[in-house]
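The values are calculated or read from the model by the stated rules, or taken from the named source; none is laboratory data. Keep in mind that this is a model prediction, so the values were computed, not measured. Reconstructed Cβ throughout: ideal geometry from the backbone, glycine too, with neighbour counts over all protein chains shown. The protein model used for the area step is the full one, side chains on, heavy atoms only, and it has no ligands, DNA or RNA in it. Shrake-Rupley method; radii C 1.70, N 1.55, O 1.52, S 1.80 Å.
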Amino acid sequence: MQETKNVTELQVLLPAGDITLTGSLLIPQNPVAVVLFAHGSGSSRKSPRNKFIASVLCEHNIAALLLDLLTPSEKNNFELGFDIDLLAKRILSATKWLQSHPDLHRLPIGYFGSDTGGAATIEAAALAAEQIGAVVSRGGRPDMAEQYLARITAPTLLIVASNDDIIVKLNQQAAQRMLTVHRLDIVPDATHFFEESGKLAIVAKLTVQWFEKHLGLVSK
């Protein structure tokens, strides 16, 4: 367990069917909501980009669960990182775990997905319906959750980089199929990983604003 700037970080194990998932749980002193992070193929809970965004959420009293959706033995199987149904099922298992957590079970829940994790969070949110208050996808592949785009009811924010041409197009097409409250934000002069100066901070700001509004933390 680590504690930094009134944020407690715990390494946790979560049951998901016949396997166990590993996560990093960040809890600020007085959490008002919790966001589950689903990483894309080839990434993990240690992603510096998502850890940065999670830290900004914690500054706004929003707890974060950064989750490895694949076990260590599964990570070498490239195809599993693109098995959206499998990833979504595990997100739902982690959601049940959050709903039973003694310090978090009463809090509204949001999802944050990146790359294929973006598709998995959309599918999971559609299946969980009103249990999930809001979704944010960063450089995600919502097109890979095609059959769930019209079914998701949680307000959904799609964030993409302007220079990530193919991902921009796929997100534009996906947004057209969504019936829920949604928005597509294109961060100018940015590439897929938002590595340019200040660009990830923009992503974090948009993310915080979306969750605060749609998880009922500020007046709409």
Open to solvent by less than 10 Å² (accessible area, probe 1.4 Å), of a type in the set (Ser, Thr, Tyr) and modelled with pLDDT under 95 - does that describe any residue in segment 101-115?
yes
With the requirement that a residue be of a type outside the set (Asp, Glu), assigned to a loop (DSSP other than H, G, I, E, B) and open to solvent by 40 Å² or more (accessible area, probe 1.4 Å), what does segment 193-220 give you?
PHE193, SER197, GLY198, GLY216, LEU217, VAL218, SER219, LYS220
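Answer yes if at least one residue in segment 149-156 is modelled with pLDDT of 95 or more, assigned to a strand (DSSP E or B) and either more than 26 Å from GLU130 (Cβ to Cβ) or of a type in the set (S, T, N, Q) (or both), and no otherwise. Break it down stepwise before answering.
Step one: of segment 149-156, the residues modelled with pLDDT of 95 or more are 149-156.
Remaining after also requiring assigned to a strand (DSSP E or B): 156.
Now restrict to residues that are either more than 26 Å from GLU130 (Cβ to Cβ) or of a type in the set (S, T, N, Q) (or both): 156.
Among the residues of segment 149-156, at least one is modelled with pLDDT of 95 or more, assigned to a strand (DSSP E or B) and either more than 26 Å from GLU130 (Cβ to Cβ) or of a type in the set (S, T, N, Q) (or both), which makes the answer yes.
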Only one of these is assigned to a strand (DSSP E or B) and out of contact with any Leu (no Cβ under 6 Å at 6 or more places or on another chain): LEU13, LEU21. Name it.
LEU13
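May I ask you to say which residue of PHE37, PHE52 is in a helix (DSSP H, G or I) and of a type in the set (Phe, Trp, Tyr)?
The match here is PHE52.
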